Amino acid sequence: MGLESFTRNDPIFADESVLRDNYRPTELIERDAELSAYQSALRPVINGAPPKNIFIYGQTGVGKTLATRLVSDRLLEDQRQYDDLEIKIVSLNCKSVNSSYQIAVNLVNTFREPSDYIPSTGYPPSRIYQMLWDHLNALGASHLLVILDEIDSIGTNDDILYELPRANDNEHVDDTYIGVIGISNDFTFRDNLSARVKDSLCDEELHFPPYDANNLRHILERRAEKAFREGVLEEGVIPLCAARAANESGSARMALQLLYKAGDLARQRDAVSVCEAFVDEARQLLEEGKIKDELARLPVHSKVTLRALTNLHKAGETPVKRRDIYALYLKLCDEIGSDPVTDRTIHDRISQLRQKGFVEADERNDGISGGSYYLYDLRIIPEMVDEALDLQ
Ligand SMILES: Nc1ncnc2c1ncn2[C@@H]1O[C@H](COP(=O)(O)OP(=O)(O)OP(=O)(O)O)[C@@H](O)[C@H]1O
Ligand SMILES: [Mg+2]
């Protein structure tokens, strides 16, 4: 058939950008209690007092980042009515900035011109902190709020989460009140913070619970009004997306992805409307996509191990003992010219693959003489491994 011409014709979407993750809605639906708690926690700032440090936690997709953006935009706007206030806000997503040191470097750079950026390695930490205090002292603001989103990626050294909230008390910064807002979707993160950080960072803790199906339905309805052409969504579609997402995660991100993908499938198939069957198919595709992403991100020796097990599975030889997987693993390493790791390490890798749900294990017992051992098999379809792993 060859190439078709691109024509501007979309019977399903009026504006699909509204369903993308980077769309910036102007309101947070179904979160009045959280917004009100958030604003109370920031009230000292508008009153000209030192800020509280705030720690926000909740699972992925529950509106933490969006709430923070809306609340801080409003704070910046409302401060204008008070002459004695000059509130500044610096926001940093720490996902790819994974140490206290790197966060400090990034913060220093937010106060510099690109030509003056400091490199991400090379200075002693004390020097970086001194630069940071110098910038903060030169700021001339009444308050500076530092938003550190996705702070769980900070790793074991949480110095910055101690130093920043304590910058005034420790007399590093004098004329500007410093407040920190830390955001995390990792529940163990807070528990694992050192005691001194917990004390300083968590003046106020805000929890964002997962959304239920009703919440999600309202969020989707509002978004769908703008995203879809009138009448193309069949009645059960939004409730189904909401119910599925509520069941699996309570994440608005997931609900929006489902709805978007269902619409996309309808468009691809030249359907005149989006029906519930597309939602089920969308869910399947999103699920597969997630698994493939996870497979592609595995460390290389886990990949080779999984490749070995997949090949054994395809040859009809599973379930197998670990030593058979290891034997094939050694052969594959030889073929790809990679130095193999020990049997013991592969044992750990297989445990990790089990935890991720890629591999299943069945304990066998050969009675008094044989002892117990495990037999392993693949838990996902082999085609998924073939598609996701670069090594065949
Ligand atoms: N109450 C809401 N009203 C409207 N849209 C929402 C609401 N909550 C979340 N969303 C949308 O869902 C998506 C995820 O929200 P957000 O990025 O705020 O989640 P998060 O809690 O920060 O998740 P993560 O921990 O993964 O960073 C965004 O596209 C956002 O616009
Ligand atoms: Mg977020």
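Can you give the accessible area of I181 in Å² (nearest 10), computed on protein heavy atoms with a 1.4 Å probe?
10
Give me, ordered by chain and number, the residues 5 or more places off V359 or on other chains with an amide H under 5 Å from its own placed amide H.
Close amide H contacts, sequence-distant or interchain: R354, R379.
Using a 1.4 angstrom probe with every protein chain in place, what is the largest-first accessible-area order of T318, T68, T110?
Largest accessible area first, the list is T110, T318, T68.
By a straight-distance test (C-alpha under 23 Å), which lysines pair with K198 as possible cross-link partners, with residues fewer than eight away in the same chain excluded?
K52, K64, K95
How much accessible surface area, in Å² rounded to 10, belongs to the heavy atoms of H313 with a 1.4 Å probe?
Accessible area, nearest 10 Å²: 60 Å².
Not counting ligands, DNA or RNA, and with a 1.4 Å probe, what is R253's accessible surface area in Å² rounded to the nearest 10?
90
How much accessible area per residue does region 298-388 have, counting only protein heavy atoms and a probe of 1.4 Å, in square angstrom?
Details: 5050 Å² over 91 residues.
Accessible surface, normalised per residue, equals 56 Å².
For a quick size check, give me the Cα extents of region 211-295 along its three principal axes, largest first, whole Å.
In descending order, the Cα extents are 38, 29, 18 Å.
What's the FRET efficiency of D73 with E288 using the Cβ-Cβ distance as r and R₀ = 56 Å, to the nearest 0.05?
Details: r = 37 Å, r/R0 = 0.66.
Step by step, r from the Cβ atoms, then E = 0.90.
Under 5 Å between amide H atoms, partner at least 5 residues away or on a different chain: which partners does A167 have, H built in plane at 1.01 Å?
none
For E77, E113, give me the order by solvent-accessible area with a 1.4 Å probe, most accessible first, ignoring ligands, DNA and RNA.
Sorted descending by solvent-accessible area, the residues read E113, E77.
Calculate what fraction, in whole %, of the accessible area of region 135-247 sits on carbon and sulfur atoms when a 1.4 Å probe is rolled over the protein chains.
39
Taking the Cβ-Cβ separation of S273 and N22 as r and a Förster radius of 25 Å, what is the calculated FRET efficiency to the nearest 0.05?
Efficiency, rounded to the nearest 0.05: 0.40.
How large is the accessible surface per residue of region 211-295, computed with a 1.4 Å probe and reported in Å² as a whole number?
Dividing the accessible area of region 211-295 by its residue count gives 50 Å².
If you find the alpha carbon centre of region 153-178 and of region 304-358, how far apart are they in angstrom?
Cα centroid of region 153-178 versus Cα centroid of region 304-358: 46 Å apart.
Could you sort the peptides 350-359, 234-243, 114-123 by per-residue average Cβ neighbour count (10 Å cutoff), highest mean leading?
Descending packing order for the listed peptides: 234-243, 350-359, 114-123.
Run the accessible area of region 298-388 with a 1.4 Å probe and give the carbon-and-sulfur part as a rounded percent.
45
Roughly how many Å² is the accessible area per residue of region 32-207, as a whole number, for a 1.4 Å probe?
Solvent-accessible surface per residue comes out at 48 Å².
Got a sec to turn the phi values of region 160-171 into Karplus ³J(HN,Hα) couplings, 6.51 cos²θ - 1.76 cosθ + 1.60 with θ = phi - 60°, whole Hz, x for Gly and Pro?
4, 6, 9, 5, 5, x, 9, 4, 6, 4, 8, 6
Once R0 is set to 45 Å, what does the formula 1/(1 + (r/R0)^6) return for the Cβ-Cβ distance between T345 and D84, expressed as a FRET efficiency to the nearest 0.05? All intermediate terms of the calculation are to be shown ahead of the outcome.
On the way: r = 62 Å, r/R0 = 1.37.
Using R0 = 45 Å, I get an efficiency of 0.15.
Sorted by accessible area (1.4 Å probe), largest first, how do R379, R69 line up?
R379, R69
Averaging over every viewing direction, what projected area does the convex hull of the Cα atoms of the chain cover, in nm²?
The number I arrive at for the chain is 28.0 nm².
Quick one: helix 213-227 against the long Cα principal axis of the chain, what's the angle to the nearest 10°, folded into 0 to 90?
80
Over all directions, average the projected area of the Cα convex hull of region 32-207 and note it in nm².
Dividing the Cα hull surface by four gives the mean projection, 9.9 nm².
What are the ³J(HN,Hα) couplings of region 193-198, residue after residue, when phi is run through the Karplus curve with 6.51, -1.76, 1.60 and θ = phi - 60°? Round to Hz, x for glycine and proline.
Once rounded to whole Hz, the list reads 5, 5, 4, 5, 6, 4.
The values are calculated or read from the model by the stated rules, or taken from the named source; none is laboratory data. Since the model is a prediction, treat every value here as computed from it, not as a measurement. Heads up, the Cβs are rebuilt from the backbone with ideal geometry, glycines too, and the neighbour counts pull from every protein chain shown. When the accessible area is computed, the model is the full protein with side chains, heavy atoms only, and any ligands, DNA or RNA have been set aside. Shrake-Rupley method; radii C 1.70, N 1.55, O 1.52, S 1.80 Å.
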